[in-house]
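Peer 1: Dropping a structure here in structure tokens format, bear with me for questions.
Values in this text are rule-based calculations from the coordinates and carry no lab data. Just so it is clear, the structure is predicted and the values come from calculations on it, not from any experiment.
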Amino acid sequence: MGDVNDGGDNQGQVAQLTLAPKLDLSASETLADALREQRGQDLNLDAGAVTHLGAHAVQTLMVATHTWAADGQQLSLTNLSEVAAENLAIMGVAPQSIGGGDPHEP
């Protein structure tokens, strides 16, 4: 999938997951697996390298958003690439609807 930094044993640390550049139908299962591995902790999803964001991947990210919220954990989509933002706009999805956006950006 991408690089994962789980924050080690430091309390209050937020895990980081760098999303793969191409998130199409074939990458959705790998994305779901990577998200499941991070469940139970706050997670930042770095979307800076994303060059294609397909509908199945968006659906996977939206399910993760609901799962993290139900678990009382923070999920954030950060460093959104221009292409990823355009793909979301074409689908009528606001970036803030995935993980609530970046809590560190205004």
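Peer 1: Got the relative contact order for the stretch 19-97 handy, in percent, Cα pairs under 8 Å and 6 or more residues apart? Walk me through the intermediate numbers first.
Peer 2: Working: 106 pairs, mean separation 28.8, N = 79.
The value is 36 percent.
Peer 1: Asp24 to Ala55: extension gain in nm, 0.36 nm per residue of separation minus the Cα-Cα distance? Walk me through the numbers before you get to the answer.
Peer 2: On the way: separation 31, 0.36 × 31 = 11.16 nm, distance 0.74 nm.
Between Asp24 and Ala55, full extension yields 10.4 nm more.
Peer 1: Please provide three numbers in whole Å: the alpha-carbon extents of the stretch 19-97 along the principal axes, with the largest listed first.
Peer 2: 30, 24, 19
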